[in-house]
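Data block below; observations after.
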Amino acid sequence: MPVIEFRPYDVVTFFQNAPEDIQDILIREAYLARAAEILVTKQEENKQEKEKVDATRPPFMVVRKQARVEFETRMASAESEVNFFARALAQNESAMENLRKSARRQLEVWLRNHDTTYMSGLACEQFLSDWRNAIELVSSIMLDFIKSIGEARNLMVTGYDKERQTYTAQALESLNRAVKVGAALEADTASVNLIAEKHDETFRGTIFDNPFPRLPIFAAEHHTANAQNRPIGTLQKHFDRIKGYYEELNQQGIPALNEAIAKAEQRQRAVQDSYMTTLWEGLRQEARKSVEEEQLAEVVKETEERFLQGDYL
């Protein structure tokens, strides 16, 4: 079956295109729901009848034995009726609960392959997971860069030979490492923003439209490598600006992004849950149109027998 774009308000089309086994379970649940309505009404009538019988209870000390026996017989019959329908309702509800679980489970499996909205929700979940993982990588390498830039600053400032106007090999080695870490940081930052761009492009105009924030772009590799060409008098300030920028980003920007992820996850779940709830209730209402009163007893009996045999788990 091809993938079709269904909408919650188009439950008629959705129901008609659903697999027969899912339709069957939904219709059987609708029959049980109708039977439950009848059982509840009947139970209420029996409770009222029991109250009427109870109101005729004769005085214990003065009543004749025969009258007391007649009352107790009527009372026992009324209680038996009430208990019978209570058990029937309990069995009916248990069977309906299993039918709902079975139908919902099969429906969600089917939606994964045939409903574009549901598939979009799953894709959105994956984007959120990828985004969170990418930010964790950025946060980790950012800490490494902050450490590396600090070490490079210290060694470059103290390892400068003013007469020769050169840096020690150790200082240049530390700078080279900071440059490489800065390049990796830039690449990981670009990955985070690319995920955000693809997410926004994929879900723009859909119910999952929720733009991701971006990480600011900073040429960490270039500015770090450029330190070697700067006057020694401004070198420490140059490193401090780079280090301070990323310290602030790590302390404020990354937590803000993580908060944005948490909110995006909550919104995604809320949207998908709302979609599923609307669709589910719509399908149940559509299934009720298939209930035929003259078939009620037969379908309910067959369904409850299958439930007791272990079907609809």
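Remarks
- Residue pairs whose Cβ atoms lie under 9 Å apart, sitting 6 or more positions apart in sequence or on different chains, and linking a residue in the stretch 209-220 that is in the same structural domain as Arg269 (by TED's automatic domain parsing) to a partner that is in a loop (DSSP other than H, G, I, E, B), are Pro211/Arg204.
- Selected residue (criterion: surrounded by the most Cβ atoms within 10 Å (Cβ to Cβ)) from residues of the stretch 176-206 that are touching a helix residue (DSSP H, G or I) at 6+ places or on another chain (Cβ under 6 Å) and over 30 Å from Phe127 (Cβ atoms): Ala178
- Positions within the stretch 158-175 being loosely packed, with under 15 Cβ neighbours inside 10 Å and not acidic (Asp, Glu), in sequence order: Thr158, Lys162, Arg164, Gln165, Thr166, Thr168, Ala169, Gln170
- Number of the condition not met by Ala262 [criteria: (1) modelled with pLDDT of 85 or more; (2) under 25 Å from Leu32 (Cα atoms)]: (2)
- Listed by first and then second residue, the pairs with beta-carbon distance under 8 Å, at least 6 apart or on different chains, first residue in the stretch 297-313 and not assigned by TED's automatic domain parsing to the domain that holds Ala36 and surrounded by 13 or more Cβ atoms within 10 Å (Cβ to Cβ), second of a type in the set (Ser, Thr, Tyr) and modelled with pLDDT of 80 or more, are Val299/Tyr31; Val300/Tyr31; Thr303/Tyr31; Phe307/Ser94; Tyr312/Ser102.
- Some residue of the stretch 294-303 being in contact with an Asp or Glu (Cβ under 6 Å, 6 or more places away or on another chain) and either at pLDDT 90 or above or under 30 Å from Tyr31 (Cα atoms) (or both): no
- Filtered residues of the stretch 240-260 (kept if surrounded by 17 or more Cβ atoms within 10 Å (Cβ to Cβ) and in contact with a Leu (Cβ under 9 Å, 6 or more places away or on another chain)): Tyr246, Leu249, Gly253, Ile254, Leu257
- Any hit, the stretch 54-67, residues being assigned to a helix (DSSP H, G or I) and either in contact with a Cys (Cβ under 6 Å, 6 or more places away or on another chain) or at pLDDT 70 or above (or both): yes
- Conditions (1) under 16 Å from Phe145 (Cα atoms); (2) at pLDDT 90 or above; (3) not aromatic (Phe, Trp, Tyr): number failed by Lys237: (1)
The values are calculated or read from the model by the stated rules, or taken from the named source; none is laboratory data. What you see is a predicted model, and the numbers here were worked out from it, not measured in a lab. Cβ: placed from backbone, ideal geometry, glycine included. Neighbour counts: every protein chain shown.
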